[in-house]
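Step one of this worksheet: look at the structure below.
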Amino acid sequence: MDFKRPLRWIILLALYGAGSSHLHAQDLLSKQIEEQDQINENTEEDLNKLIGVEPTKRKNINNASFESLQALGILTIIQINSFFEYKREMGDFVSIYELQAIPNWDIPLIKEVMKWYVPQLISDARSSGSNQAEQQLLFRIGRSGSSTTLEHSYTRGLKQTLFYRYNNPLNTSIGLSAEKDAGEKNILDFTSGYIQKEHFSVFQKIIAGDYLLSMGQGMIQWQGYAFGKGSNIMSIMRQPPHIKPHTGTEENRFFRGMAFETGQRNTQFYCFISKKGLDANIIMDSASKQQWVSSLQLTGLHRNESEMEDRKSLKTFHTGFIVKHHLKSGHIALNGIYTHLNTPIQKRALPYNTYSIKGDEWYNISGDFILSTKLGTAFGEMAIDKQFSTGTLFGFLKNLNRKVDIGLQWRNISKSYNAFSPNIVAHQSVAGNERGLYLGINLKLNNRDRLETFVDRFIHPFPVFSANGPQRGITHALTYAVNPTKKWDIYIRVIQKRKIENTRSNQSKSFFLSENQSLHLRIHAGFHINDAIELRIRNELLSRKDGAGNNCYGWLTYAELIFHPILQSYSISMRTTYFNTDGFDAAIYSMERDIPHYYAMNSYFNRGNSSYLLFQTKITNQIHFAGKWTIEKKYFPSHNTTSHFNALVQSSWRLQATIKF
């Protein structure tokens, strides 16, 4: 007698009453971005250029492979193994509620996975319409402006973006993108495209056109968006999709050419080749007629004559490989990348540039691994560059019991180690000149309360941009989250940072090294008034102090109302924010809800207020429309009481139409 089916339905009936999270998939990603420790001057433009618009066709999760789940970048080895162990015991999934029975899976994680996969009833698998191709056309237009007359004329104008995505059941996807930033004259200033084919002949995947490449833990190569360290210990381990299409509008940090994945059984081989231009500032010696690159220009803006001169002025060639062998509980891999430039790099003669990349070629080799056993999950990467400088990163994740998880990460990267495009979980995302140790603990106190904390200590042995000498620092973070009921979402977060930095006193024009401190407190509460209305309230306090006795403070508070009527095709969001800080040094960063496929990270400083109105509607099942309007008013110190220039009013708007057919 088969006891698995009755047991399955007992589990489903028990979970059916558990409800579901109101957290939207885009809100979840925004929350992950905002909760990182290293919030910096990431603009809304950077986030959108790196994240992009992914194909929206969802696949049956019963057909998911280990590699495809790992490529999502949101599941740990432990969670993936739990998925397949449950499936082996219980068979194919028959309902979305059943996913809650997988050990180590929770509702927010399931919501994120549902962006790519959907559990289909076995009886509906043939009639679900999964054999139909999907096409999506998205057009976005927007503008921002200021009340001041000092604004440069070339920053005015409309920003326009166009995306086309095609995805069919024969594992073929096509994407085209075009963008014009505000102030640019060419309506097709940036264009991008790709064709991806999966399970084609001997290839598991082949991409022609623009694509992103990531390796290991990011020691030698990482493209696209990546999370930094945070209170959630899972953030310290990277699990990249090695090759994937470039779906954003980033104009420099991607490859253009061809990449493929092939292999047999448990061994996979990736190979890639790219040839494209980068925006760079090129200097010419009038006497020797020699040229060199002084800096790379990564903004992607081409609004005036100077920016147009830098456009794609540096020609690059990249090639390399990944050999990856899958084990029963993880993998080991060997990675290599070679870069050639048509013009050598020679940065300015400053202390922090002493060990930077020089010349017209560079290469790196690394080995990485992830191994998951009953003792825990170990991961790491060991890399070497052209000059035989080394970088090493190791980590360990352990589930002590059902309520306690710990994470440990150690990094030791030589002051002379370099890679052309790295991105690691560290104090500096650019791998180099750092030794550090991270220790994190996640406690699930009960079904309602959760405690997350970490300590990260680092040292930069050689001078960096912000310190004319060895820089040491330590970060403490503590997050306490509580859900009194299913309608409440409350958390309190405290971050304290101490590090050695350049400091200038009021009596001296020269810098000296001193310990600077900062303390950041956030109290956030979300309440679902009913199934259609959600209210969010936040208060933040920031305090900074340097070795010269200079103190600065700031506070921010906002109230946000989200209205999404049940069984209606529209939603409305409104937020009003008040802030008061002692200048840019006390700026407070905050994410905002925005139109689909758009992420807004705002910086609030000085004194003022900001409000936005967001409207989304589904005109038909194929046509969606969204719009957002924002107005912000800032007050600046002014000694002239009769002047009206102490206030700056800035407004912005964007509209987006999406057609699916």
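Here, each number is a calculation from the coordinates, and none is a lab measurement. Being a predicted model, the structure only gives us computed values, none of them experimental. Backbone-built Cβ (ideal geometry, glycine too); neighbour counts: all protein chains shown.
Can you tell me the convex hull volume per residue for segment 467-561, based on C-alpha atoms, in Å³ to the nearest whole number? Write down the numbers at each step before the final one.
Details: hull volume 9.8 nm³, N = 95.
So the per-residue hull volume is 103 Å³.
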* Sorted largest first, extent of segment 162-227 alpha carbons per principal axis (Å) -> 45, 34, 18
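Counting other beta carbons within 10 Å of each residue's own, what order do 658, 392 fall into, fewest first?
Final ranking by Cβ density, sparse to dense: 392, 658.
Just the ratio, please: alpha-carbon radius of gyration of segment 550-661 over 2.2 N^0.38 Å, N its number of residues. Kindly include the intermediate steps, with their values, before the conclusion.
Values: Rg = 17.6 Å, N = 112, 2.2 N^0.38 = 13.2 Å.
Normalised by 2.2 N^0.38 Å, the Cα Rg of segment 550-661 equals 1.33.
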* Approximate shape of segment 239-353 as ellipsoid semi-axes (Cα gyration tensor, √5λ), whole Å, largest first -> 36, 16, 13
* Positive-pole candidate from 273, 558, 480, dipole of the chain, charges at beta carbon -> 480
* **CD proxy at 222 nm, helix term only [per DSSP H run n ≥ 4: -39500 (n - 2.57); per residue of the chain; nearest 500]** => -2500 deg cm²/dmol
* Asked: Given a cut-off of under 8 Å on Cα pairs at least six residues apart, what relative contact order in percent is computed for the chain?
  -> 10
* Matching label, Kirkwood radius over Cα pairs in Å computed from the structure shown, candidates (1) 26.9; (2) 27.6; (3) 29.5 -> (1)
* Please report 540, 501 as a ranked list, fewest other C-beta atoms within 10 angstrom at the top and most at the bottom. => 501, 540
* Asked: Given labels modelled 7 Å from the Cα in the Cβ direction, how far is it in nm from residue 496 to residue 329?
  -> 3.8
* How many lysine pairs does segment 430-534 hold where the Cα atoms are under 27 Å apart and the two sit 8 or more places apart or on different chains? -> 5
* **Pairwise FRET efficiency - residue 476 versus residue 399, Cβ, R0 = 25 Å, nearest 0.05** => 0.60
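Of 115/403; 312/633; 289/386; 159/276, which pairs sit farther than 32 Å apart, going by alpha carbon to alpha carbon? All intermediate terms of the calculation are to be shown ahead of the outcome.
Numbers: 115/403 28 Å; 312/633 37 Å; 289/386 28 Å; 159/276 24 Å.
Over 32 Å apart, Cα to Cα: 312/633.
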* **Label point distance in nm, residue 186-residue 660, each placed 7 Å from Cα along Cα→Cβ** => 3.4
* To do: Give me the distance between the Cα centres of segment 583-617 and segment 358-390, rounded to whole Å.
  => 37
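What area, in nm² and to one decimal, does the C-alpha convex hull of segment 186-273 cast on average over all directions? Display every interim value, and only then the final one.
Working: hull surface 30.3 nm².
Projected area, direction-averaged: 7.6 nm².
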* Which net charge results when you count Lys and Arg as +1 and Asp and Glu as -1 among the other residues whose beta-carbon is under 10 Å from that of residue 609? -> +2
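Can you tell me how segment 406-451 classifies by the Cα gyration tensor, rounded, prolate or oblate, using a/c under 1.5 as the rounded cut?
Numbers: a/c = 5.54, a/b = 2.94, b/c = 1.88.
Prolate shape, in that a/c is at least 1.5 and a/b is the bigger ratio.
In debye, nearest 20, what is the charge dipole magnitude of the chain about its Cα centre with +1 on Lys and Arg Cβ and -1 on Asp and Glu Cβ, if you could check? Intermediate results must be reported in sequence, preceding the final value.
Working: 75 positive and 58 negative charges, 134 e Å.
Roughly 640 debye for the chain.
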